[in-house]
Amino acid sequence: MERLMARLRRQSFVLLVAIAIAVIAAVAGMNGWGVLALLLVMTIVVLSSAQPIEPKPIAKERPVVEEEPASRSLLPEVSATLSALDIPVMVLAGDASVLFQNKAAEKAFGEVVIGAHISARLRSPGILDMLRETIATNAPNQIEHSERLPSERVYIVRSAPVELVVHSGHAERLYVLSFRDISEVRRIDRMRSDFVANASHELRTPLASLRGFIETIQGPAKNDLKAQERFLGIMFDQTTRMSRLVDDLLSLSRLELKSHIAPDEKVDLVPLLGHVRDALLPLARDVGVEMVLHLPEGKAEVLGDRDELVQVFENLMENACKYGQEGKLVEVFLKNDAGTPVEVTVVDKGPGIPAEHVPRLTERFYRVSIEDSRSKKGTGLGLAIVKHILTRHRARLIVKSEVGKGTSFTVRF
Ligand code: ADP
């Protein structure tokens, strides 16, 4: 507009000069050709002194999509918003160069040089193909992608086109690459299906043996009372094993339901440990183990659920008797010193547990030796139940074991 006004002003000036010359010429008595030549010279001089006028860009009311080199940065608001997200996000230009990467992406995939092609950091052909397709078709896409290093992770990677306003005030078509971490969901799914498979397997084995014995009693051993008696004894053991397993499974599912509720009853561990020891005396006698309690004077109170704590110490002391029977001695230490957490440690002098098994002991159905556990009427769920109960009690289980020397399980409240 300003330039237009200037031009008009210049043209008016030329017109005025021309009129002035014509008037002076008339007054001075010049002839028509002289006046015309003078006017022509004046016009050329004035016009040649004028600046060339560049076409002004048309004012844009709304941003228009433009392609620019991939060297600019996003608006600070956009970067700040994406940085606050806890899922990895990258913003790419139409040539697949990285314009921005948020903190979560930096943590997951390492730092990317801004302006570098995405393939400098992510080499997965799947992601690169998907991105190529999104850029070509302008349509969102997603794929599943797994990373092995630094740790195993599974992501749903999504590429989507977006029109973003960048610094210059223009909107640009950019591409957002986001990574939804589904590793935890996958792990839980796998655990659930492993659990169902394990539970079914544990129940199927005694069921198959029961079926076999029933068929034998109905058929070949129909009239063999002695064999029948022996088979019925085994069948009784198998059904007891199945009920133990079902009880443990129910225990676990009940504990899972209330895992977020912390118990608030005051429980004195001194009489509780005495009660557990008394209940286990017949078993200890059967396996030839002596159980010794080392209890402090007075009370040792913790906030808890009495029945669940009985279950914890029954499990640990029973395991110490069963798996540490070679050591012939199981000791239980209760520590209740002022200023330190209450601790109960169950120690046996058995064969110990090889180090590689220790971190997995509290997994459901995990056993160092399946045969050993079965022969000792184990279900493989005892320590999983212990861990669940202790989590609800905000307590920790610490396992120390040395092969050939024995094992200690400490519960720290
Ligand atoms: P189980 O029903 O088989 O006893 P647990 O969950 O209680 O299941 O224990 C898991 C496994 O941990 C056992 O099968 C056994 O191999 C091992 N274990 C537990 N306690 C001890 C111990 N005191 N000494 C050696 N091994 C043990």
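A compact table of results
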read-out: Net charge of neighbours whose Cβ lies under 14 Å from the Cβ of E297, counting Lys and Arg as +1 and Asp and Glu as -1; value: -1
read-out: Sequence of I385, I188 from largest to smallest accessible area, 1.4 Å probe; value: I188, I385
read-out: Descending semi-axes in whole angstrom, ellipsoid equivalent of region 191-255, from the Cα gyration tensor; value: 31, 13, 6
read-out: Total charge dipole magnitude, region 71-184, about the Cα centre, Cβ charges on Lys, Arg, Asp, Glu only, Debye to nearest 20; value: 160 debye
read-out: Calculated over region 258-413: convex hull of Cα atoms, volume per residue (Å³); value: 110 Å³
read-out: Qualifying aspartates and glutamates (Cα of each under 14 Å from Cα of K107; at least 8 residues distant if same chain); value: D86, E147, D181
read-out: Region 71-184: projected area of the alpha-carbon convex hull, averaged over directions, in nm²; value: 6.6 nm²
read-out: Accessible area per residue in Å² at 1.4 Å probe, computed on region 258-413; value: 50 Å²
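The values are calculated or read from the model by the stated rules, or taken from the named source; none is laboratory data. The model shown is predicted, which means the values in this text are computed figures rather than measured ones. A quick note on method: Cβ atoms are made from the backbone with ideal geometry, for glycine too, and the neighbour counts reach across all protein chains shown. Only protein heavy atoms, including side chains, enter the accessible area calculation; ligands, DNA and RNA are left aside. Shrake-Rupley method; radii C 1.70, N 1.55, O 1.52, S 1.80 Å.
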